[in-house]
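The structure appears below as structure tokens.
The values are calculated or read from the model by the stated rules, or taken from the named source; none is laboratory data. Since this is a predicted model, take the numbers as computed values, not measurements. Methodologically, a virtual Cβ is constructed for each residue, glycine included, from the backbone with ideal geometry; neighbour enumeration extends over all protein chains shown.
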């Protein structure tokens, strides 16, 4: 084999290994706006792609034994590029269709992975065994040849992993990275062996061009219509857009990492809170009137922290937001400004709690969601709640936003959290943000956990009295075990809640 062709063959193995890992990592970003981002998504992507690669290894070995021709390998890589182009073309329509299905999240994640990512992964898996056959000079060197090529493929996968996580996702974006890896594979196929201009090859390139064109035109159209900006951060995919507030009919700018709900929003013409649940954090002035130091886990659009520093001049608030780019988005689109009484810490909320001194805070607010159906489990467990109790002074209070129902299959997460908090705190209360909602409806619920055993003070100002009137008076039995770091089926409980929510919309 000529040295150029041999080097091109090795480069092809390396680059295909790189593409596989980039493809897998950006997969979660492509599906998250439609079905969320959870362990179920990663499980499906990893399992399906590994299975597809295994099938590709088998098929590639058989094909190589029948037709050991570099033109065939070039065609395999070309087809892989075409199939990634198909992913680019159909992803939005397909994911929008399955997102409304009321099947379990596990099933939706598996279907998405199979349809969008399995076909190209099979062909990418065929590359290395085919290259082994082409480079095999003699049986005496077979072990070295196989070892070298699989090492190149693995090194490529390592490079792809770091390139995707550290550079491509945060700085290029998930969708445009998809364009890039398809283009790389087309180029590799042509360099390896120039293909003839057949109708099939031209059609594959047209699919690639169409996918890019439709994606970019759609992006521009959504910006023109709703000011939608799609941002890939180090930790999530964020969409910022304009919409109409259903309660006031006023225009708002919203922030979403969730396929079904916005997490934060601001009015264009005022600094009033848009979402009613955020007002319940003001219950701190009832349960711990002398509060001065507060902690909030989860920044989002920083709408409540902004209101907090304006409303309570005697108090400070520390906000723990793991994603630095979320703070940048809040500054650019949600009017967050510097204030000496508002400090931001970019780290995991649980890690922050673990190193917080005893009695540091008067109150802890929790509003940490990757999406309504994807909650950071490490903030829900008994061990995490113990750290919260330790971080509070003797009259400390935790006020947490929870998405759940009170009864029915969507209530498991609430029951688990109640059992967990009741095992640590002296008093645990539940407030319905919208009392008119049926107990079986999925809704925003506010959990209030009090460290003090003293009876509740009945006196309050009119605004606080209105919030207190939302106290749930019924009995909620915790029918599931407490959550622990060892066993916390939070995503399973939220999968049940998601299915219940989608069924209610049909």
Exercise. So which of 149, 83 ends up being touching a residue at least 60 places away in the same chain (Cβ under 8 Å), in the same structural domain as residue 61 (by TED's automatic domain parsing) and buried (at least 18 other Cβ atoms within 10 Å of the Cβ)?
Worked result: 149
For this session: Can you give me the ranges of the helices (runs of 4 or more DSSP H) entirely in region 100-180 with at least 1 residues that are under 30 Å from residue 501 (Cα atoms)?
Result: 105-125
For this session: Kindly indicate whether any position in region 42-62 is closer than 18 Å to residue 211 by Cα, crowded, with 17+ Cβ neighbours inside 10 Å, assigned by TED's automatic domain parsing to the domain that holds residue 115 and at pLDDT 90 or above.
Result: no
For this session: Quick one: which residue in 229, 214 is farther than 27 Å from residue 38 by Cα and at pLDDT 90 or above?
Result: 214
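Here is a yes/no grid of residues against (1) touching a residue at least 60 places away in the same chain (Cβ under 8 Å); (2) within 15 Å of residue 418 (Cβ to Cβ); (3) surrounded by 17 or more Cβ atoms within 10 Å (Cβ to Cβ):
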| position | (1), (2), (3) |
| --- | --- |
| 459 | no, no, no |
| 462 | no, no, no |
| 465 | no, no, no |
| 472 | yes, yes, no |
| 475 | no, yes, no |
| 481 | yes, yes, no |
| 488 | yes, yes, yes |
| 496 | yes, no, yes |
| 501 | yes, no, yes |
Exercise. Among (1) modelled with pLDDT under 95; (2) under 14 Å from residue 21 (Cα atoms), which single condition is residue 196 missing?
Worked result: (2)
For this session: Could you tell me whether any residue of region 124-133 is assigned by TED's automatic domain parsing to the domain that holds residue 22, more than 24 Å from residue 14 (Cα to Cα) and crowded, with 22+ Cβ neighbours inside 10 Å?
Result: no
Seminar exercise, completed: When every residue in region 271-291 that is part of a loop (DSSP other than H, G, I, E, B) and touching a strand residue (DSSP E or B) at 6+ places or on another chain (Cβ under 6 Å) is compared, the one nearest to residue 29 (Cα to Cα) is 274
Problem set entry | Candidates 195, 185, 178 - the one that is more than 24 Å from the chain's Cα centre (by Cα) and within 18 Å of residue 30 (Cβ to Cβ) | 185
For this session: Would you please list the contacts, defined by Cβ atoms under 8 Å and residues six or more apart or on different chains, that run from a residue in region 187-205 that is over 14 Å from residue 85 (Cα atoms) to a residue that is in a loop (DSSP other than H, G, I, E, B)?
Result: 189/195
Seminar exercise, completed: Matching residues in region 300-353 (surrounded by 21 or more Cβ atoms within 10 Å (Cβ to Cβ), more than 16 Å from residue 253 (Cβ to Cβ) and touching a strand residue (DSSP E or B) at 6+ places or on another chain (Cβ under 7 Å)) number 7
For this session: Identify all residues within region 20-79 that are in contact with a strand residue (DSSP E or B) (Cβ under 6 Å, 6 or more places away or on another chain), in a helix (DSSP H, G or I) and over 21 Å from residue 172 (Cβ atoms); write none if there are none.
Result: none
Seminar exercise, completed: If we keep only residues of region 169-186 that are touching a residue at least 40 places away in the same chain (Cβ under 8 Å) and farther than 22 Å from residue 207 by Cβ, then the residue surrounded by the most Cβ atoms within 10 Å (Cβ to Cβ) is 169
Exercise. Of all the residues that make up region 336-363, how many are under 24 Å from residue 272 (Cβ atoms) and within 24 Å of the chain's Cα centre (by Cα)?
Worked result: 2
